[in-house]
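Everything below concerns the one structure shown next.
Just so it is clear, none of the values below were taken in a lab; they were calculated from the coordinates. These numbers were taken from a predicted model, which means no experiment stands behind them.
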Amino acid sequence: MANVPAVKTSIPALGGEAGLNRYLSEIRKFPLLAPEQEYMLAKRWEEHQDPEAAAKLVTSHLRLVAKIAMGYRGYGLPVAELISEGNIGLIQGVKKFDAEKGFRLATYAMWWIRASIQEYILRSWSLVKIGTTAAQKKLFFNLRRLKGKLNAMEDGDMRHHHVEKIATTLGVTEDEVISMNRRMSMGGDTSLNAPLREEGEGEWQDWLTDTGPLQDEIVADEQERGQRHELLASAMKALNDREKHILTQRRLVDEPETLEELSQQYGISRERVRQIEVRAFEKLSKAMHGLAIERKLVPELT
């Protein structure tokens with residue numbers, strides 16, 4: 001098992017497969033964080049190594065780990081162990097998260113979570129069993145998804161045109177696809193409609209990971225985009241007409257104009273255009289940050 005970073009958390013105990021249902025219920029009780037809460041907690045951890053801040057960041061994302069882990073159920077490994085490994089990845093992600101880069105923790109941490117789970121699966125299946133090349137590992141983790149897209153989930157060997165399609169998509173040989181499919185077919189998949197509880201209430205598919213963003217991420221991202229657009233429009237007022245035009249044409253349009261084109265428009269050198277662009281960008285960034293603090297969209301650091 002990977003070494004867990006020195007971040008103390010109050011993650012509920014999994015207790016193996018028997019306690020999985022209780023664990024899933026418990027982690028739903030941890031509240032999701034608003035962007036400003038997440039930012040403050042991340043800064044507290046980064047600057048002061050505050051264990052309480054780290055714990056809140058971790059526990060608010062345990063549901064994300066569970067959803068991602070459920071997407072790897074088809075490899076025949078205990079879900080409780082997949083979640084445990086995913087939690088290790090989450091802790092690693094929290095430890096390295098930089099809130100100043102402007103994205104949410106969920107977006108950053110999901111890569112650590114998936115990497116931790118995949119490494120565990122690779123260790124469990126063994127490199128000898130699944131192959132050692134990057135292409136073979138890619139085949140291992142994408143075969144079921146591609147089979148699902150092709151409606152090729154039947155038992156036994158796949159039809160030739162399905163094998164050919166998957167081999168072409170993943171850049172491996174048809175023999176590698178056939179061999180991997182046979183090895184993975186021995187894993188003993190479980191129905192997604194199997195009940196979570198003995199009394200039959202709730203199903204495993206309810207916890208399957210969605211290929212799209214989580215609902216709270218969608219709402220948060222929409223809010224952030226709206227706020228950034230409003231801040232940008234307001235901050236642009238800090239620039240004079242020339243600065244505004246040069247910055248817009250250089251950085252805010254789909255097809256930016258060249259320094260040469262702008263230098264000809266204004267009758268100045270390309271270097272002078274570049275200097276105006278840099279100064280305008282610095283003024284814009286400062287104005288946006290000031291407005292964000294004023295509107296309490298980000299905390300004011302002392």
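Values as computed for the structure displayed
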{"quantity": "Cα gyration tensor category, rounded, prolate or oblate, for region 230-295 with a/c compared to 1.5", "calculated": "prolate"}
{"quantity": "Out-of-range pairs (alpha-carbon distance over 31 Å; input Lys29/Lys96; Lys67/Lys101; Lys101/Lys147)", "calculated": "Lys101/Lys147"}
{"quantity": "Full-extension gain in nm, Ala34 to Ser269, via 0.36 nm per residue minus C-alpha separation", "calculated": "79.9 nm"}
{"quantity": "Stretchable slack from Lys138 to Asn240, in nm (0.36 nm times residue separation minus alpha-carbon distance)", "calculated": "31.5 nm"}
